[in-house]
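*Asks:* Got a structure here, written out as structure tokens. Questions coming.
The values are calculated or read from the model by the stated rules, or taken from the named source; none is laboratory data. In this text, all values refer to a predicted model and were calculated from it rather than measured experimentally. For neighbour counting, all protein chains shown are included, and Cβ atoms are generated from backbone atoms with ideal geometry for every residue, glycine included. Side chains included, ligands, DNA and RNA excluded: accessible areas come from the protein's heavy atoms. Shrake-Rupley method; radii C 1.70, N 1.55, O 1.52, S 1.80 Å.
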Amino acid sequence: MASHRRIEDGEISRLFLETSDEETLESDSEIEDTLLQDDVQSNGEDCEVSTISQSPNTENDPGALPSESLPPDVPNYVIVPQHQSLRGKDGHRWTATKGRTCSRVSACNIIRTSKGPIRMNKCLYDPIECFSIFITDDIVEEIKWTNAEIQLKMQLRPDVKATFKPTICEEIRGLLGILTLTAAMKDNYLTTDELFDYSYSGNRYIAAMSRDRFDFLISCFRMDDKTLRPELRVTDTFAPIRKIWDIFINHCCHNYIPGPYLTIDEQLLGFRGRCPFRMYIPNKPNKYGLKIVMTCDNSTRYMVDASPYLDKCTQTNGVPLGEFYVKELTKTVYGSNRNVTCDNWFTSVPLAKNLLKHPYKLTLVSTIRSNKREIPEEMKNVHSRPVETSMFCYDGPLALASYKPKQSKMVYVLSSCDEEGTVHSTTRKPNMIHFYNETKCGVDTFDQMCSNMSCSRKTNRWPMAMFYGMMNMAFINAYIIYCDNVISKNKKPLGRRDFMKKLSNSLITPWMETRKQVPTLLTNLKDKISNLLPKKRSEPSNQEEDTPEPKKRKYAVLLTLGFSLKRTTFSIRKLFIVERACRNLLSVCGLRVQAEEHPSDDTRVRAPWHVAVFDKLAIPISVKCGGSIVARNLVISDPNRDEIRGRNSGRDQKESDQKERNLIRRRDRGRNREQRNCFVVISMIDPYKRSAIQCFNSYFGEQLLPVNYFLVAGKLYRSLYQPNDDKAQRSEVIGIKYSPWHTGVFSSYQHDIALVFLATPFIFNEYVWPVCLNFDKSLDEMQLTEGRLGMVAGWGRSDRGSSEVLRVVELPSIEVHRCIIKAINTKSRYGEEQQITSDKICAGYDTGTPLCMEDNGGGFVVAETDRLDPRKRYYYLRGVVSLYNRNLCNEVSFSVFTKVSAHEHFIRNNSANFVYKT
């Protein structure tokens, strides 16, 4: 059984700070910097700080404080009042010195409870379990009042579609999962058109729900019986959401035991629609919205209790508003001797005294406004009083401190911790102010965490704005309980974004499985759902050990890039019947070794050198062309070399090392190691334009800066914002080298090649690896003979649609004269002739080629089997896709490639002078 350890103060808060850029917060009531630390200074530590005060002149004043009652060694930054007794305007009496001194800790500062989740919640380690104790089944059942609104709208729609049908609990949880994912990915600001567009947000939202259904459910979202609202609003303006709010707050109060220091402050939910209790707070980021007063644990930022501010509808029973909220929000901690920190909106001297009594038994540390009648005139701002001086007065366990930070400003802090006024020797500020700064940030940080990952969407209904805020509160509280439980097991918890993504997946998955069973659902949508659903593990079979292993099956793989299979099914079936073991290979710098693990059909593993070039100026950001990662030698770095040795078990280590060294000498004789860095080779033609507009040129033909582009390797989906692309790696572009002889259409698109240099090198693994580049003429001629197969990867787009997943297709090499004849015959159909220049090669079938738009720049790679070890295959880059027909796909012509070996001098000269650190 795993051992439990105690959670230190601030440990969970540091997890929040690691997942967001937290800014320092300041309130209007203090002038010093905010200290975002959780180790609060105790009363025992106050004794270590030297507390000295200025000695007054008592010779001419008979009512002055006697000198023997003053502490020794008094400096000039602590001023002691001249009179022992001080009185406020209302007659409240204060004393200049503490009445008693005792080394023992006061009983009001002793706390005998431990913080953390309650006993039944200490075994929750899954995000969905932690979230379900706040957004419970009772709340989901109340949300089913949405069906009543749906029934009303269905009466106005004679043609009832699936979009307008009633909802169920699984769909409601799926809707909450979508909102959770928008918070995790920070997509809540996107419109529904952008949210459900795969080019912006991938397939996750589309697979969970249609855009029209999402809009319809949000518009019909109800949490109460609408027919009872007129009657309930007479006594409660919060009636539309009151029931689920009470359920939620009740679970927040009883699922977690807070620490010794609590913070009370307000949160403003942004809302500009019509609402009877909408507030305007100018110093808040949103300015207009719904005010919620809440209590948070200062160390973990857990929201313990909260109550909406209903303006004039708040029933306080004659109690001042600030005092009412403090007493109302601390009911769960009555009698625990905890400390409460709040700002001057809540504070009063009677409140501090009442909290010390039964049944409250709480201490208070807060700022207090200068217009309070209990403050003596001697404590207020005097122009003759020096700056950075402090004064203290006492009333039993109460201590009042005044600090003058500037010539025209005074800060007042009230404490009921039964402490003596002390001053920090370095900052010259009262320790009460330091304690206040350390314990005041609970609600401010909680509010910031809610804003950092928020599911709030634009709405004109205040109950929806309040529900979005309630969801954000549940995210924070669930994550705090999850971190507390995981850390207690001496394990590392998930980051907050990963926690939210896993929670979203758990909420959406049951609804996607239900949606997949709909018989009228589109086939491509079912495929997207299947790709997102977790793979079910097959149960182990009970076969006997002597049962012979089944023979390896052959699979027919139909791979096309963005156009119909009707024309190419017959030819591709001949080509793509391959062994599974031959298709699943592990890449090592153009070298593939047969994998020992179970094979997979992941196209990223088949073509790990393929990269996508994205244009930042495009709206939306989309793939503009492709490219191939190139390495000059088989061995790139020492760790990769160790990986090769590990997989070549059974061979002698020295023999394996010698073979690697021989391969390096034969293929890159005379090269420096610094020249073996990887770069990307792509085509320069942009298939979207007819003229000589290059891939890295603007619409007007001018060359754009490298900073306008970035490359993504190891990418499976064409969309940039695809959460399932967990293996993708992004790198900025810092240099682009064009062929100096490229003139576009004037030279029939000759020298159509470019080199792209990366700002940061990719991390090579199974999904990202370079392809070999070799300029040996004999090897080049052998691999480009008639009928020799090569492979091309891409997300080709045609007028019939586009491929969302990376595809890999194999094409046979074609002799140049056949390619020229084919290009001439297609002139009458497409209106232009494809000129086959001397630096071009061709590949494809007589029935057409499946290469289309966005395949441009991809590599034509040819495999070569190692003679020494038949398990190995070397993959060499022989061509770069060079499509330039403006009619998308030429289905009756061969594919044209720029021959890489024809540009040997261009590649060598530019790559040798551009070296970056690996």
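*Asks:* Quick one: in the range 866-910, which of the residues that are closer than 23 Å to A612 by Cα and at pLDDT below 75 is surrounded by the most Cβ atoms within 10 Å (Cβ to Cβ)?
*Replies:* It comes out as L883.
*Asks:* Turning to a different aspect of this structure: From (1) under 23 Å from the mean Cα position of the chain (by Cα); (2) surrounded by 15 or more Cβ atoms within 10 Å (Cβ to Cβ); (3) under 24 Å from D725 (Cβ atoms), pick out the condition that doesn't hold for I481.
*Replies:* If we test I481 against (1) under 23 Å from the mean Cα position of the chain (by Cα); (2) surrounded by 15 or more Cβ atoms within 10 Å (Cβ to Cβ); (3) under 24 Å from D725 (Cβ atoms), just (3) comes out false.
*Asks:* Please determine, by comparing only the residues of the range 145-163 that are surrounded by fewer than 17 Cβ atoms within 10 Å (Cβ to Cβ) and closer than 25 Å to R204 by Cα, which one is nearest to the chain's Cα centre (by Cα).
*Replies:* For the range 145-163, the residue satisfying everything is T163.
*Asks:* May I ask you to list the residues in the range 334-350 that are closer than 14 Å to G322 by Cβ and either open to solvent by less than 30 Å² (accessible area, probe 1.4 Å) or β-branched (V, I, T) (or both)?
*Replies:* V340, T341, C342, D343, F346, T347, S348, V349
*Asks:* List the pairs whose first member sits in the range 216-234 and is of a type in the set (A, V, I, L, M) and buried (at least 19 other Cβ atoms within 10 Å of the Cβ), whose second member is outside any helix (DSSP H, G or I) and at pLDDT 90 or above, and whose Cβ atoms are under 7 Å apart, counting only residues at least 6 apart or on separate chains?
*Replies:* Listed by first residue and then by second, the contacts come to L217/T167; M223/W145.
*Asks:* Something else about it: Tell me, yes or no, whether the range 230-237 has at least one residue that is more than 24 Å from S530 (Cβ to Cβ), of a type in the set (S, T, N, Q) and outside the structural domain of I133 (by the TED database). Reasoning before the result, please.
*Replies:* So in the range 230-237, the residues more than 24 Å from S530 (Cβ to Cβ) come out as 230-237.
Adding the requirement that they be of a type in the set (S, T, N, Q) leaves 235, 237.
Retained after the next criterion (residues that are outside the structural domain of I133 (by the TED database)): 235, 237.
Checked the range 230-237: at least one residue is more than 24 Å from S530 (Cβ to Cβ), of a type in the set (S, T, N, Q) and outside the structural domain of I133 (by the TED database).
*Asks:* Pairs only if they're at least six apart or on different chains, beta carbon under 9 angstrom, first in the range 84-96 and free of Cβ contacts under 8 Å to residues at least 24 places away in the same chain and within 16 Å of S348 (Cβ to Cβ), second open to solvent by 30 Å² or more (accessible area, probe 1.4 Å) and basic (K, R); list them, first residue then second.
*Replies:* Every condition considered, the pairs that remain are G91/R373.
*Asks:* Within the range 288-328, how many residues turn out to be more than 19 Å from H254 (Cβ to Cβ), outside any helix (DSSP H, G or I) and either open to solvent by 20 Å² or more (accessible area, probe 1.4 Å) or free of Cβ contacts under 8 Å to residues at least 60 places away in the same chain (or both)?
*Replies:* So the answer is 11.
*Asks:* Quick check on this structure: which one of Y200, Y205 is of a type outside the set (S, T, N, Q), under 30 Å from the mean Cα position of the chain (by Cα) and open to solvent by 10 Å² or more (accessible area, probe 1.4 Å)?
*Replies:* One residue alone meets the criteria, Y200.
*Asks:* When the range 459-478 is examined, which residues are found to be more than 20 Å from T300 (Cβ to Cβ) and either in a helix (DSSP H, G or I) or open to solvent by less than 10 Å² (accessible area, probe 1.4 Å) (or both)?
*Replies:* Matches in the range 459-478: W462, P463, M464, A465, M466, F467, Y468.
*Asks:* Could you list, in sequence order, the residues of the range 436-458 that are buried (at least 20 other Cβ atoms within 10 Å of the Cβ) and part of a loop (DSSP other than H, G, I, E, B)?
*Replies:* Across the range 436-458, the qualifying residues are K440, C441, M453, S454, C455, S456.
*Asks:* Further question: Does K331 qualify as being in contact (Cβ under 8 Å) with a residue 12 or more places away in the chain and open to solvent by 40 Å² or more (accessible area, probe 1.4 Å)?
*Replies:* On the way: in contact (Cβ under 8 Å) with a residue 12 or more places away in the chain: yes; open to solvent by 40 Å² or more (accessible area, probe 1.4 Å): yes.
Against the criterion (in contact (Cβ under 8 Å) with a residue 12 or more places away in the chain and open to solvent by 40 Å² or more (accessible area, probe 1.4 Å)), K331 qualifies.
*Asks:* Could you run through the range 411-435 and say how many residues are among the hydroxyl-bearing types (S, T, Y) and either at positive phi or open to solvent by 40 Å² or more (accessible area, probe 1.4 Å) (or both)?
*Replies:* Matching residues across the range 411-435 total 3.
*Asks:* Conditions first: (1) over 30 Å from K361 (Cα atoms); (2) out of contact with any strand residue (DSSP E or B) (no Cβ under 9 Å at 6 or more places or on another chain); (3) not polar (S, T, N, Q). F238 passes all but one, so which condition is the exception?
*Replies:* Just one mismatch for F238, condition (2).
Residue by residue, here is whether (1) open to solvent by 50 Å² or more (accessible area, probe 1.4 Å); (2) part of a loop (DSSP other than H, G, I, E, B) holds:
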{"site": "K353", "(1), (2)": "yes, no"}
{"site": "P359", "(1), (2)": "yes, yes"}
{"site": "K372", "(1), (2)": "yes, yes"}
{"site": "I375", "(1), (2)": "no, yes"}
{"site": "E378", "(1), (2)": "yes, no"}
{"site": "N381", "(1), (2)": "yes, yes"}
{"site": "P386", "(1), (2)": "yes, yes"}
{"site": "M391", "(1), (2)": "no, no"}
{"site": "L400", "(1), (2)": "no, no"}
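*Asks:* Among (1) under 43 Å from the mean Cα position of the chain (by Cα); (2) open to solvent by 10 Å² or more (accessible area, probe 1.4 Å); (3) modelled with pLDDT of 85 or more, there is one condition T760 misses while meeting the rest; what is its number?
*Replies:* Exception for T760: condition (3).
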